[in-house]
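Novice: This is the structure I have questions about; it appears just below.
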Amino acid sequence: MTGLPKNIVILTGAGISAESGIDTFRDEGGIWDNHRIEDVCTPEAFKRNPELVQEFYNVRRAALLSPEIKPNAAHYAIAELQNEHSGTVTVITQNIDNLHERAGSTKVIHMHGELLKARCIKTGRCYDWNTNIEQSDICPCCHTKNTLRPHIVWFGEVPLMMDEIYKAIEKVDLFVAIGTSGSVYPAASFVTEANARDADTLEINLKPGQNQSLFKRAIYGLATEKVPFWVESLLKNNVSRRYPGLTKKKFD
Ligand code: APR
């Protein structure tokens, strides 16, 4: 492909924030090595033991707000692309951190929710929340206890803003997945939708994700190195040039 694709959709996962100091889920020593999904990341877990679930997210919220956690070069490069591209750049993230926004991305679709928000289970209203959420907290809208939960999409729940996501994918020219293992649906199927619309599809990851065979192209390496390099090459309109680390896959 030559020239800059008009409509770009970027899907990010935990790998883009790994070098900012946020643990991924399925890499060795990742979050799911130390916690069971069914204990902390399902509606049933929250019903059974809300304190444990709140604590799981309280620890992660505090960590996200610590001064050591900052956006990295990959987040900044995506923000630059969003700001400089005359077409559309839709950023969809599975991440619940706010590092894209802190790097300057103007619009980010958080399909799995946001750590720095609390939601009332009665009204569905969301509130910016920078401290622990406790079961004893009084909800700002219904003025009772035990009604605030993390604004996170748990396993078994429907991801957020799916209409907006599919609208963006409907007209996508280039779909890029960055730092995601391609093992959680529906996000892992977006590449299939993009292929069905004849878009170019690119995986940028440390190592091939589970759905790697679905991508037309791949760049493997650290997000902080490969993403700025890819953005630079796009903004120079030189995407057809050969770059070290960029492998064109053969497929039938
Ligand atoms: N640069 C690029 N990629 C990296 C880096 C890095 N520095 N470090 C790790 N990766 C890659 C890994 O190779 C892996 O493919 O990031 C990916 C992280 O995969 P997961 O831990 O499975 O994270 P993700 O795909 O975002 O998980 C999806 O699963 O449990 C849920 O809700 C959670 O949103 C999350 C979803």
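Novice: Taking amide H positions as placed in the peptide plane 1.01 Å from N, state which residues far from residue 206 in sequence (5 or more) or on other chains have amide H under 5 Å from it.
Specialist: Correct list: 179, 221.
Novice: Listed here are the pairs 107/167; 6/70; 122/145; 47/145; 47/122; 122/167; which of them are more than 18 Å apart at the Cα? Working shown, then result.
Specialist: On the way: 107/167 15 Å; 6/70 30 Å; 122/145 11 Å; 47/145 14 Å; 47/122 14 Å; 122/167 29 Å.
Too far apart for the 18 Å limit: 6/70; 122/167.
Novice: Next question, about the same structure. Quick one: what are the phi-derived ³J(HN,Hα) couplings along region 75-86, Karplus 6.51/-1.76/1.60 with θ = phi - 60°, whole Hz, x for glycine and proline?
Specialist: Couplings: 4, 5, 5, 5, 4, 4, 4, 4, 7, 9, 7, 7 Hz.
Novice: Could you pull the Rg and Dmax for the chain, using just the Cα atoms, both in Å?
Specialist: 18.7, 60
Novice: May I ask you to sort 143, 100, 112, 35 by Cβ crowding, counting other Cβ atoms within 10 Å and putting the fewest first? Don't jump to the answer; show the numbers that get you there.
Specialist: Values: 143 8, 100 27, 112 20, 35 14.
Fewest to most other Cβ atoms nearby, the residues stand as 143, 35, 112, 100.
Novice: Show me, for region 101-107, the HN-Hα J-couplings you get by feeding each phi into the Karplus relation (A = 6.51, B = -1.76, C = 1.60, θ = phi - 60°), rounded to Hz, glycine and proline as x.
Specialist: Computed from phi, the couplings for region 101-107 are 5, 5, 7, x, 5, 7, 9 Hz.
Novice: Now for a different question. In whole Hz, with x marking every Gly and Pro, tabulate ³J(HN,Hα) for region 226-235 from phi via Karplus 6.51 cos²θ - 1.76 cosθ + 1.60, θ = phi - 60°.
Specialist: The phi angles translate into 6, 5, x, 5, 5, 5, 4, 5, 5, 5 Hz.
Novice: Moving to a separate point now. Using modelled amide H (1.01 Å from N, peptide plane; none on Pro or chain starts), what sits under 5 Å from the amide H of residue 90, excluding residues fewer than 5 places away?
Specialist: Those lying under 5 Å, H to H, from residue 90 are 8, 9, 10.
Novice: Can you show me the helix-derived [θ] at 222 nm for the chain, built from DSSP H runs with n ≥ 4 at -39,500 (n - 2.57) apiece and divided by the number of residues, rounded to the nearest 500.
Specialist: -8500 deg cm²/dmol
We did not get these values from a lab; they are worked out from the coordinates using the rules stated. The shown structure was predicted, so the numbers you read here are calculated from the model rather than taken from an experiment. So basically every Cβ, Gly included, is an ideal-geometry build from the backbone, and we count neighbours across all protein chains shown.
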